[in-house]
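Rule-based calculations on the coordinates, nothing more; no lab input. The structure displayed is predicted, hence computed values, not measured ones. Reconstructed Cβ throughout: ideal geometry from the backbone, glycine too, with neighbour counts over all protein chains shown.
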Amino acid sequence: MNYEMKEMTYKDAVNLAMREEMRRDEEVFLMGEDVGLYGGAFGVSVGMLEEFGEDRVRDTPISEAVIAGAGAGAAVTGMRPIVEIMFMDFTTIAMDSLVNQAAKMRYMFGGKAKVPMTLRCPGGSGTGAAAQHSQSLEAWFCHVPGLKVVVPGTAADAKGLLKAAIRDDNPVVFVEQKTLYKEKGMVPVDEDFIIPLGKGEIKKEGTDVTVVSYGRMLPRVLKVAEELEKEGISVEVVDPRTLVPLDKEIIINSVIKTGRVVLVNEACKTGGYIGEIASVIAESEAFDYLDAPILRLAGLDVPIPYNPELEKAAVPSEEQIRAGILKVMNR
Amino acid sequence: MITEVIMPKAGMDMQEGTIVKWMKKEGEYVEQGEVLLEIITDKVNMEVEAETSGYLLKILRNAGEKVPVITTIGYLGEKDDKVPEGEGTPDIAEDSKKEENEEVAKTLYKEEIRTVSIDKVRATPVARRIAREKGIDLFNIKGSGPKGRIQKIDVENYKENELKVTPLARRIAEIEGVDINTVAGSGLAGKVTKEDVMKALGKEEIKETKEEKVEEENTKVIPMSNMRKIIAQRMSESYFTAPTFTLNMEVDMEKSLELRKEVKDHILKETGKKVTITDIVLLATTKALMKHPYVNASLDGDNIILHDYVNLAVAVGLDEGLLTPVIKNAHKMTLTEMVIAAKDIQERTMKMKLSPDELQGSTFTVSSLGMFGISHFNPIINQPNSAILGVNAITEKVVPIDGEIKIKPMMTLSLTLDHRVIDGVIGAKFLQEMKYLLENPMTMLI
Amino acid sequence: MADISKDILKEMYKRMNEARAFEEKVSYFFARGMVHGTTHLSIGQEASGVASCMALNNDDLITSTHRGHSQVIGKGIDLNKMVAELLGKYTGYCKGKGGSMHIADVDAGNLGANGVVGGGHGISVGAALTQQMKKTGKIVLCFFGDGASNEGSFHEALNLASVWKLPVIFYCENNLYGMSVPQGKAMNIKDVADRASSYGIPGYIIDGNDAVEVYTKVGEVAKYVREGNGPVLIESKTYRWLGHSKSDAQIYRTKEEVEEWKKKCPIKRLRSYLIENKIMTEEELDRIEKDAKQAIEDAVEFANNSPNPPIETITEDVYA
């Protein structure tokens, strides 16, 4: 076990996780649009073609349906493909392959198949790319039994979770966060550093109010929490990291401790995954400990607009998160 | 070999089909694959081909008939084959584990069922839980949260000796701007009641003040409250399904009044509650019901259900409607126990603090309008009960006894009966029993 | 006369008869409500499904379709498990969870029938990629219909397979109808095989009702594909005798048309071939037909005696 930590960006952490797993296991390979020489639309796979060659770092035609379908086909016959869809928005074209094929094969075939494929896609707004390149569609995938869904919010989580996703025997949708790609963090360099899927983390301990958040909203929540701490409000920040399977226990225990909870995500409010988390809390033991209504802070129910001010206003800001926490505290 | 011709299941949602036409007559030969008949499903016309070659020995269902799928509608076979008697049963594999599976299925979807109390206090879940655990009445707590929501901290800071106020009194005080802390309480343990607030306001009845505000010749449209709607529905259902008749009987209440006088102080000392004539009538009712089980019966479809216990519903009028809370196992009660039970359920009804199961399961209902001076009325049955007793006012009347004119406190009992269950004689005998018990109340105490 | 061994022809005749008997049994069960959901029967397409699979090596792979019973019987299947699956039994291929449209046997190379038209295209490409990367020498045969060739996945899959020279045969069973819509109303070309040229791969047309031709051509193509020359498109012209599914009243085609095709029965045709070329006798063939029916009866008995899946298994195998 190597206990060393190294500072690196979220993007480099994803790159490192892929490289380590491809070095470790010959059955792991990467395919997607422009992942080879170009290094991926966001440069996530830069240098991988050089290390592994064209056979294992494959540029595909612009064909999302067959990229995901071939991923499922390769996975069910013994490979461990990492499939990149350039923008989460384009998973719409790959939906049959993911939802009807990859997710259901094992169940439909009576448990006699496994589909160890990882589908990576960057989600979220904040890049000025407007309505068809900025969505947070994770809730769609969470609604399909057979898929696992991961949304890392830090560089270390990106590495540990991606390695776990690649080693997992199920199709995993791994949602990267475009605006976090350049965020730096301390990342364990150990090649067996794995964060098990389904295990959340308390990113900051607190006693007065719980904030559950993931992905791009996580750094905002943490910043607000630090500020409020100075003002005498102790905020506990819980990051589920994996949406399916969800670490219900860590959320419920935190809410039992604080009695108040705010849920924050970037995705549109209606039908968003934090609504599911709210239901989990309300149905659990934690209900009898709630001392204020559960509050959701989510993106507006609008397509992501182009104008930078409008774009910013479409998702929860630090000010809104702060106001939401204060509201739940009756301050 | 004989083969049955069936109404085929042609589609996953097909439940039945109609025979349009048989293409072959009985006795005719048909080749495998040849069209044997035409049917209409819920979607389309379809031809049904013979599954085997043979003679159409028998047509069981004719053109125009609507037949459930898989039903045998005819037989194919050799000329000398014998057609089975009756209708053949289809060859379907039995699913023996079905019931067992349904049981397991239930456990997969099992949900926790919680009893929800019908109080209307705004309080957080944790505040409710702590109040429940400490036995604190949330109605007595003032909430410090948004919209007066009671929070954990409010329950924790609550002290038992704080001012006790009924919710109605609190509402009136709020609307009328009376400082509740200045009002002297006349209720149990100094609880401030509606009357106390009205007194402080210098008004006797809030209703009158409200009516004054309504201008003459104006009509007001008031949407029915949920309670009103339920009453409307249940009363209509009862009124329009049960053929009823009402029997009236006068009872001399002299001895019952004497009994009340005698035991009043004792019971007050024992329980802190005043015994009323209604309590004595309730006790008499349970005794009489145990002797006349049909009056205590429930009607369930074609079945009359007799009970060997009495769950006595008592009609309680509220500002917004009417509830009939139930005194469970009333037949086991002594007069003292009846006083406690009746007072308790009435008080909690007024405060809307009943659990849903306290509003269910009655076998008989008593409705009293005596305090309003009503002399007789036709109460409507509280179904599934088969009868209801109306209790009227006690009025002094001139009564000839043994040729002498005497003045006696008389009360009429009005018994409405469901004629589907009870005939007049049984109702009359029940009232005779009531009359005997109330005129000889000491027999109830033996 | 084609150069096919008697053993293979005998087995082919047996499997085609089993497929026919199987479908007739399914039809019988469906009418009695014993097969729930819906089912798509392949009567008339037995040569196309069986002979093509028999031309593959045993360890080659296939992706099958919603009308896949002849295909998977052609691949070589345990009839007991197949009937049991259709009746939703625990002993079925998919433990009663898949049913008619999802018969699969991944270990034996059957990557599954598919309820989605065109759903197998991507999977077959991925499976072929595995064979190429692992250098297994195996190839993949992807079954689909004329209707599926209008799906976007068809285009994406053929294009990618061609670019990467993947070992996959795209095998189109053209039975002239996409449910009720005739081919002429759904595409402006007569032959699906024409589409091959736009991907730079060979496209062939075969008589899908001639088992000998199907076997011979698929065998040739399999050799070409196995040698690393990239994918091939084969269009097998055939016809389904029955409706699209069991609720189909078939108002879109004439009885005469159906009767015409019934005359081209693939089973009778193979039988004539075997007799005319003195490969097998009437008695031998009768015996095979009888055995095929009996095999289905035995499978039905096995299935009927099999338990239903325990309710507890409902949440099993969602995840590995």
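Under the rule of at least 5 residues apart or a separate chain, name every residue whose amide H is placed under 5 Å from the amide H of B:ALA123.
B:ILE150
For segment C:6-306, state the average projected area of the convex hull of the C-alpha atoms over all orientations, rounded to one decimal in nm². Provide the component values of the computation, followed by the final result.
Details: hull surface 59.0 nm².
The Cα convex hull of segment C:6-306, projected and averaged over all directions, gives 14.7 nm².
Which length gain, in nm to one decimal place, applies between B:ILE222 and B:THR336 when the Cα-Cα distance is subtracted from 0.36 nm times their residue separation?
36.8 nm
Which of the peptides A:191-203, B:276-288 is most tightly packed, and how do the rest follow, judged by the mean count of other Cβ atoms within 10 Å per residue?
Numbers: A:191-203: 17.5, B:276-288: 22.8.
Packing proxy ranking, top to bottom: B:276-288, A:191-203.
Where does segment A:5-188 land on the Kirkwood hydrodynamic radius, alpha-carbon pairs, in angstrom?
16.1 Å
Within 10 Å of each Cβ in C:307-319, how many Cβ atoms from other chains are there, averaged over the peptide?
Other-chain Cβ atoms within 10 Å of each residue's Cβ, averaged: 6.
Within the set A:LYS148/A:LYS178; B:LYS264/B:LYS351; B:LYS24/B:LYS66; A:LYS184/A:LYS312, which residue pairs have Cα atoms separated by over 24 Å? Show your work: numbers first, answer last.
Details: A:LYS148/A:LYS178 20 Å; B:LYS264/B:LYS351 26 Å; B:LYS24/B:LYS66 19 Å; A:LYS184/A:LYS312 22 Å.
In this structure, B:LYS264/B:LYS351 lie more than 24 Å apart at Cα.
So for the pair C:LYS10, C:ASP286, with labels modelled 7 Å out along Cα→Cβ, what separation do we get in nm?
Result for the modelled spin labels: 1.8 nm.
If packing is taken as the average count of other Cβ atoms within 10 Å, what order do C:63-75, C:225-237 fall into, highest mean first?
Working: C:63-75: 28.3, C:225-237: 21.6.
Most protected by this proxy first, the peptides run C:63-75, C:225-237.
Can you give me the Cα centroid spacing of segment B:4-58 and segment C:26-85 in angstrom?
Each part's Cα centre sits 26 Å from the other's.
Net charge near B:GLU34, counting Lys/Arg +1 and Asp/Glu -1 over other residues with Cβ under 15 Å of its Cβ?
-2
Pick out, from B:SER236, B:ILE305, B:GLY272, the residue whose Cα sits farthest towards the positive end of the charge dipole of segment B:213-310, with +1 on the Cβ of Lys and Arg and -1 on the Cβ of Asp and Glu.
Working it through, the farthest residue towards the positive pole turns out to be B:GLY272.
Pull up the cross-link candidates among the aspartates and glutamates for A:LYS199, meaning alpha carbon to alpha carbon under 15 Å and not fewer than 8 places away within one chain.
A:ASP157, A:ASP168, A:ASP239, A:ASP247, A:GLU249
Cut-off 10 angstrom, C-alpha nodes, Gaussian network model of chain A. Which of A:GLU249, A:GLU50, A:GLU205 fluctuates the most?
A:GLU50
Do any trypsin sites (Lys or Arg not before Pro) in segment C:273-320 lie in a loop, going by DSSP, with at most 11 other beta-carbon atoms within 10 Å of their beta carbon, and if so which? Mind dumping the intermediate values first?
Working: sites: C:LYS278, C:ARG287, C:LYS290, C:LYS293; in loops: C:LYS278.
Here the trypsin sites (Lys or Arg not before Pro) that fit, given the DSSP loop and packing criteria, are C:LYS278.
If the limit is 18 Å between Cα atoms, which of B:LYS25/B:LYS79; A:LYS112/C:LYS97; C:LYS6/C:LYS278; C:LYS14/C:LYS138; C:LYS14/C:LYS223 go over it? Intermediate values should be presented prior to the final figure.
On the way: B:LYS25/B:LYS79 14 Å; A:LYS112/C:LYS97 11 Å; C:LYS6/C:LYS278 10 Å; C:LYS14/C:LYS138 25 Å; C:LYS14/C:LYS223 25 Å.
Violating the 18 Å Cα-Cα cut-off are C:LYS14/C:LYS138; C:LYS14/C:LYS223.
Please report the projected area of chain B's Cα convex hull averaged over all directions, in nm².
Convex hull of Cα atoms, orientation-averaged projection: 37.4 nm².
For B:ALA428 and C:THR315, what is the calculated FRET efficiency with R₀ set at 60 Å and r taken between the beta-carbons, to the nearest 0.05? Please report the intermediate quantities before stating the final value.
Working: r = 63 Å, r/R0 = 1.05.
The formula returns an efficiency of 0.40 here.
Evaluate peptide A:279-292: per residue, the Cβ atoms of other protein chains within 10 Å of its Cβ; return the mean as an integer.
Partner-chain Cβ atoms within 10 Å, mean over residues of A:279-292: 4.
From Cα pairs below 8 angstrom and at least 6 apart in sequence, can you work out the relative contact order of segment A:5-188, rounded to a whole percent?
28 percent
Check which residues have an amide H placed less than 5 Å from A:VAL149's amide H, if you skip close sequence neighbours.
Under 5 Å from the amide H of A:VAL149 lie the amide H atoms of A:VAL173, A:LEU243, A:VAL244, each far enough along the sequence or on another chain.
For chain A, find the longest principal axis of its Cα atoms and tell me its angle to the long axis of helix A:248-258, 0 to 90°, nearest 10.
20 degrees
Applying 1/(1 + (r/R0)^6) with R0 = 45 Å to the Cβ-Cβ distance of C:ASP78 and A:ALA282, what FRET efficiency is obtained, to the nearest 0.05?
Calculated transfer efficiency: 0.40.
Extending each Cα 7 Å along its Cβ direction at B:GLU49 and B:ALA232, get the distance between those two points in nm, one decimal.
6.1 nm
Can you tell me which of C:53-60, B:387-394, A:309-316, C:250-257 comes out highest on packing, and rank the rest after it, using the mean Cβ neighbours within 10 Å?
Details: C:53-60: 19.5, B:387-394: 23.8, A:309-316: 16.8, C:250-257: 12.1.
Output ranking for C:53-60, B:387-394, A:309-316, C:250-257: B:387-394, C:53-60, A:309-316, C:250-257.
Considering only DSSP beta bridges whose two residues both sit in the protein assembly as shown, what percent are antiparallel, to the nearest 5?
So the antiparallel bridges in the protein assembly as shown amount to around 50 percent.
Calculate one ³J(HN,Hα) per residue across segment C:142-151 by plugging θ = phi - 60° into the Karplus curve 6.51 cos²θ - 1.76 cosθ + 1.60, and present them in order as whole Hz with x for glycine and proline.
The phi angles translate into 9, 7, 7, x, 4, x, 5, 6, 8, 7 Hz.
Equivalent ellipsoid semi-axes for the protein assembly as shown, as square roots of 5 times the alpha carbon gyration tensor eigenvalues: give them largest first, rounded to whole Å.
Semi-axes, largest first: 73, 48, 22 Å.
Rounded to the nearest 500, what is the 222 nm mean residue ellipticity of chain C from helices alone, with -39500 (n - 2.57) per DSSP H run of 4+ residues and division by all residues? Let's see the in-between values first.
Working: 11 runs with 139 residues, N = 320.
Calculated mean residue ellipticity at 222 nm is -13500 deg cm²/dmol.
Which lysines does B:LYS134 reach when only Cα atoms under 16 Å apart count, and residues fewer than 8 places away in its own chain are ignored?
Hits, sequence-local ones excluded: B:LYS152, B:LYS159.
For segment B:311-397, state which GluC sites (Glu not before Pro) are in a DSSP loop and have at most 13 other beta carbons lying within 10 Å of their beta carbon.
B:GLU320
Step through the residues of segment C:22-28 one at a time and calculate ³J(HN,Hα) from phi using the Karplus curve (6.51 cos²θ - 1.76 cosθ + 1.60, θ = phi - 60°), rounding each to whole Hz and writing x for Gly and Pro.
After applying 6.51 cos²θ - 1.76 cosθ + 1.60, I find 4, 5, 5, 5, 4, 4, 4 Hz.
How crowded by other chains is A:144-154, given as the mean number of beta carbons from other chains within 10 Å of each beta carbon?
The shielding value for this peptide is 1.
For segment A:205-215, what does the Karplus curve 6.51 cos²θ - 1.76 cosθ + 1.60, with θ = phi - 60°, yield as ³J(HN,Hα) per residue in whole Hz, taken in order and with x for Gly and Pro?
The phi angles translate into 7, x, 10, 8, 7, 9, 10, 9, 8, 8, x Hz.
According to a simple spin-label model (label point 7 Å from Cα along Cα-to-Cβ), what is the distance in nm between A:LYS6 and B:MET442?
With each label point 7 Å from Cα toward Cβ, the separation is 10.5 nm.
Are there chymotrypsin sites (Phe, Trp or Tyr not before Pro) in segment B:229-307 that DSSP puts in a loop and that have at most 13 other Cβ atoms within 10 Å, and which ones?
Values: sites: B:TYR239, B:PHE240, B:PHE245, B:TYR294; in loops: none.
For chymotrypsin sites (Phe, Trp or Tyr not before Pro) across segment B:229-307 that sit outside H, G, I, E and B with at most 13 neighbouring Cβ atoms in 10 Å, the list is empty.
Pick from B:GLU262, B:GLU270, B:GLU28: which is most flexible by mean-square fluctuation in a GNM of chain B where alpha carbon atoms under 10 Å apart are linked?
Ranking B:GLU262, B:GLU270, B:GLU28 by mean-square fluctuation puts B:GLU28 first.
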